[in-house]
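Read through the structure below, which is laid out as structure tokens, and then see the notes.
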Amino acid sequence: MASLHVGIRPTSLVDPRGPRFGAAVTTVVLAAALVTESPYLLALQAIVFALGAAGRPPYGVVYARLVRPLLGPPAELEDTRPLRFAQAVGLVFTVVALAGLTLSTSAVTALATAAALAAAFLNSAFGICLGCEVYLVLRRATSKTPITRTVPNDRTTHPRTEVHA
């Protein structure tokens, strides 16, 4: 993945493999929710998205504790702001899917769940975070201050930057 250095130093950085791991778990949860039409799985994933949007992704904790120790350091780090925006978008889709279940509108439930599932799958399988890309486009369109998506994994370059797993 190429680095996009366009200006602002992010306030918080993350190992990009963590969100991809989270997207893989999300893919499984949403696929199961789509097949079973389980309101519990959708509600669980909505909570996960809400926590992720708040900067506390539960799947990131699992990645940090169980998976990351088995891997070497990442080649680069990503700004968490696009990731948090993507989690908020996922939350909107799962809330719409839950509303569809509540209102017995299976088409709305299926479409909203499938859209969130497709986005999670693209991220987990190919590293394409649709919500992150939308965030960057919106940020570039509405701000005079450019944004950096990734930075090399060099703590000495960014001594005041907090790094999350």
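The values are calculated or read from the model by the stated rules, or taken from the named source; none is laboratory data. Computed from a predicted structure; not experimentally measured. All Cβ positions, even for glycine, are placed from backbone atoms using ideal geometry, and neighbour counts span all protein chains on display. Surface areas here come from the heavy atoms of the whole protein model, side chains and all, with no ligands, DNA or RNA. Shrake-Rupley method; radii C 1.70, N 1.55, O 1.52, S 1.80 Å.
Annotations
- Residues Leu77, Leu101, Leu130 ordered from highest to lowest accessible area at a 1.4 Å probe: Leu130, Leu101, Leu77.
- Calculated FRET value between Leu71 and Leu130, using beta carbons and R₀ = 30 Å, to 0.05: 0.75
- Shown here for segment 33-130: GluC sites (Glu not before Pro) in loop regions (DSSP other than H, G, I, E, B) with at most 11 other Cβ atoms within 10 Å, of which there are none.
- Cα gyration tensor, segment 73-122 - rounded (a/c under 1.5), prolate or oblate: prolate
- Taking one quarter of the surface of the convex hull spanned by the alpha-carbon atoms of segment 1-140 gives a direction-averaged projected area of 8.6 nm².
- Segment Leu122..Ala31, full-extension length gain: 31.4 nm, with 0.36 nm per residue of separation and the alpha-carbon distance subtracted.
- Label-point gap, in nm, between Ala114 and Val137 - each point 7 angstrom along Cα→Cβ: 2.1
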